[in-house]
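Written below as structure tokens is the structure these notes are about.
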Amino acid sequence: MKIKDLVTKQKGVDIELEVIELGIIREFSKFGQQGKVLTAIAQDKTGKINLTLWNEQTELVGIGDTVKVKDGFVSEWQGEKQITTRRTGSMEIIKPKEKTI
């Protein structure tokens, strides 16, 4: 799947994205549980999208990493599409940023 094909409220999205920008990790408390959230910007050859990372995901991903979102969900926040993993979904780094010497 490609970014240009994503529609709001779409479920079950499998997509590969390159992370090009990281926001600031924000902490929150909801229903008595602590958590962390970070909004990144990711791209493929067809466009850019906000990638919402939760809890341990916020510490794993770096700029330049290529990630695969499995069973993702597309939503909209403040007029912009965003993708995140659902409870049944996952995200893995399939190509870490190339290190330079």
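What the table below lists for this structure:
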quantity: Total residues in region 60-101, condition assigned to a strand (DSSP E or B) and either surrounded by fewer than 17 Cβ atoms within 10 Å (Cβ to Cβ) or hydroxyl-bearing (Ser, Thr, Tyr) (or both); calculated: 18
quantity: Residue list for region 1-28, restricted to those being β-branched (Val, Ile, Thr) and exposed (fewer than 11 other Cβ atoms within 10 Å of the Cβ); calculated: 7, 8, 24
quantity: Residue within region 90-101 that is touching a residue at least 24 places away in the same chain (Cβ under 8 Å), among the β-branched types (Val, Ile, Thr) and closer than 17 Å to residue 14 by Cβ present; calculated: yes
quantity: Residue list for region 1-43, restricted to those being outside any strand (DSSP E or B) and free of Cβ contacts under 8 Å to residues at least 40 places away in the same chain; calculated: 1, 23, 24, 25, 31, 32
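Taken together, the values in this text are just the output of simple stated rules run on the coordinates, not laboratory data. Note that the coordinates shown come from a computational prediction; the quantities given were computed from them, not determined experimentally. Note that we place each Cβ from the backbone using ideal geometry, even for glycine, and neighbour counts take in every protein chain shown.
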